Amino acid sequence: MNSLIAVGAGIAVLGALGAGIGIGIATGKAVEAVARQPEADGKIMKNLILGCALAEATAIYGFVIAIMIIMFFK
Amino acid sequence: MEAVAEHIQEELNVQTVFTIPAFGGIPVAESTVVTWIIMAVLIVLAIILTRGFTTRNISKRQAAMEVIVTKLLGLVEGMVGEEGMAYVPYLTTVLLYIGISNIIGIFGFKSPTKDLNVTLALAIMSIVLVQIAGIRAKGIKGWLHSFLEPIAIVTPFNILDLITRPLSLCMRLFGNVLGAFVIMKLIEQVLPVVLPAVFSLYFDLFDGLLQAYVFVFLTSLYIKEAIE
């Protein structure tokens, strides 16, 4: 039973995959944008942080659910 | 490993510090007490630092305080826009509170934001403020009509937004603070010297302040959207 709980928590954290890809793409595009228009880096940075925070949320949900699985099924 | 798991679990549980003997006993959680400490520090700092302000021949302290306050208000104003000036003081207060409570873990206190109830309360306050801002800007009729925009089909999603927005605000803040805390504990287990200090800079200071910024940023984004 214990090992199954661990596997379940591990699967829940797979949600981090999406966040990693998302933040990677967003950062790549932001770097491109800054290279094209260096004067707009303040605005780009602001939007990048917002986008990263939103993308990161999925990973956080996965993490919270994993913690809950471990805590409630113990 | 067992000891770490137990320690983390113990930190996750919200402990009741004492009970107010009224209305059948009101339990006061640890996060509430730490919030009081933060409030006391902020209020005392505000009183001490703003004493004896004048309009001429200002002291260095006054000049420094003016710069800090102007920068903070300007930061929030840039997010919420010209029309949302009325909400800037509240948002700045939330920014200060979340920022301090995220980094107070460094001083040995338990971060109030590690308690799901605190982040949930903050998120509900935010979404209520957003709706009030919408009502104030458009009137009750305009506010109700805003649920039908851009087309009537999306109304259920607009209503669903009322639940998902505070939920995501709350879970993001809680999850980030909790995640940083768990990771720091694990790092301390691997190597208790030097290494935690380096990672603490990122996880406690940078991430804590960034999450405070993101929380206020998203709230002001919603307000901006509501009063447009």
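The values are calculated or read from the model by the stated rules, or taken from the named source; none is laboratory data. Please read all numbers here as calculations on a predicted model, not as lab measurements. Don't worry about glycine lacking a Cβ; one is built from the backbone with ideal geometry, like all the others, and counts go over all protein chains shown. When the accessible area is computed, the model is the full protein with side chains, heavy atoms only, and any ligands, DNA or RNA have been set aside. Shrake-Rupley method; radii C 1.70, N 1.55, O 1.52, S 1.80 Å.
For (1) closer than 24 Å to A:MET68 by Cα; (2) more than 9 Å from chain A (Cβ to nearest Cβ); (3) open to solvent by 30 Å² or more (accessible area, probe 1.4 Å), each residue gets a yes or a no:
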{"position": "B:ARG172", "(1), (2), (3)": "yes, no, no"}
{"position": "B:VAL182", "(1), (2), (3)": "yes, no, no"}
{"position": "B:LEU186", "(1), (2), (3)": "yes, yes, yes"}
{"position": "B:GLN189", "(1), (2), (3)": "yes, yes, yes"}
{"position": "B:LEU195", "(1), (2), (3)": "no, yes, yes"}
{"position": "B:LEU201", "(1), (2), (3)": "no, yes, yes"}
{"position": "B:ASP204", "(1), (2), (3)": "yes, yes, yes"}
{"position": "B:GLY208", "(1), (2), (3)": "yes, yes, no"}
{"position": "B:LEU221", "(1), (2), (3)": "no, no, yes"}
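For region B:3-24, the criterion of being assigned to a loop (DSSP other than H, G, I, E, B), exposed (fewer than 12 other Cβ atoms within 10 Å of the Cβ) and of a type in the set (A, V, I, L, M) is met by at least one residue.
Among the candidates B:GLY81, B:GLY74, the residue that is within 14 Å of chain A (Cβ to nearest Cβ), touching a residue at least 40 places away in the same chain (Cβ under 8 Å) and under 30 Å from A:ILE44 (Cα atoms) is uniquely B:GLY81.
Taken together, the criteria exclude B:GLY134 from residues that are in a helix (DSSP H, G or I) and surrounded by fewer than 14 Cβ atoms within 10 Å (Cβ to Cβ). Residue selection: A:ALA53 fails the criterion of being among the small types (Gly, Ala, Ser), within 14 Å of chain B (Cβ to nearest Cβ) and either more than 23 Å from B:GLY78 (Cβ to Cβ) or touching a Gly at 6+ places or on another chain (Cβ under 7 Å) (or both). Scoring B:VAL118 on the criteria (1) over 30 Å from B:GLU30 (Cα atoms); (2) crowded, with 19+ Cβ neighbours inside 10 Å leaves a single failure, condition (1).
Do we find that B:VAL88 is open to solvent by less than 50 Å² (accessible area, probe 1.4 Å) and modelled with pLDDT of 85 or more in this structure?
Yes: the conditions hold for B:VAL88.
Would you be able to say whether some residue in region A:28-50 is closer than 30 Å to A:MET71 by Cβ, modelled with pLDDT under 85 and within 14 Å of chain B (Cβ to nearest Cβ)?
No, region A:28-50 contains no residue that is closer than 30 Å to A:MET71 by Cβ, modelled with pLDDT under 85 and within 14 Å of chain B (Cβ to nearest Cβ).
Residue under question is B:VAL193, and the condition is that it be among the hydrophobic types (A, V, I, L, M, F, W, C) and outside any helix (DSSP H, G or I); does it hold? It is true that B:VAL193 is among the hydrophobic types (A, V, I, L, M, F, W, C) and outside any helix (DSSP H, G or I).
B:PHE215 meets the stated requirement of being within 11 Å of another protein chain (Cβ to nearest Cβ) and part of a helix (DSSP H, G or I).
Criterion applied to B:THR54, B:THR70 was being open to solvent by 40 Å² or more (accessible area, probe 1.4 Å), part of a helix (DSSP H, G or I) and out of contact with any Cys (no Cβ under 6 Å at 6 or more places or on another chain), and the one residue passing it is B:THR70. Against the definition (of a type in the set (Lys, Arg), open to solvent by 90 Å² or more (accessible area, probe 1.4 Å) and over 30 Å from B:LEU178 (Cα atoms)), how does B:LYS60 come out, yes or no? Criteria met by B:LYS60. In region B:47-67, the residues that are without any contact (Cβ under 8 Å) to a residue 12 or more places away in the chain and among the β-branched types (Val, Ile, Thr) reach residues that are surrounded by 10 or more Cβ atoms within 10 Å (Cβ to Cβ) and not in a loop (DSSP other than H, G, I, E, B) with C-beta atoms within less than 9 angstrom, at least six apart or across chains, in these pairs: B:THR54/B:GLN62; B:ILE58/B:GLU66.
One line per residue, one yes/no per condition, for (1) farther than 26 Å from B:ARG165 by Cα; (2) surrounded by 12 or more Cβ atoms within 10 Å (Cβ to Cβ); (3) free of Cβ contacts under 8 Å to residues at least 12 places away in the same chain:
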position: A:ALA16; (1), (2), (3): no, yes, no
position: A:ALA35; (1), (2), (3): yes, no, yes
position: A:LYS43; (1), (2), (3): no, no, yes
position: A:ILE49; (1), (2), (3): no, yes, yes
position: A:ALA53; (1), (2), (3): no, yes, yes
position: A:TYR61; (1), (2), (3): no, yes, no
position: A:VAL64; (1), (2), (3): no, yes, yes
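If you go through region B:77-101 and keep only what is polar (S, T, N, Q) and under 17 Å from B:THR32 (Cβ atoms), you end up with just B:SER101.
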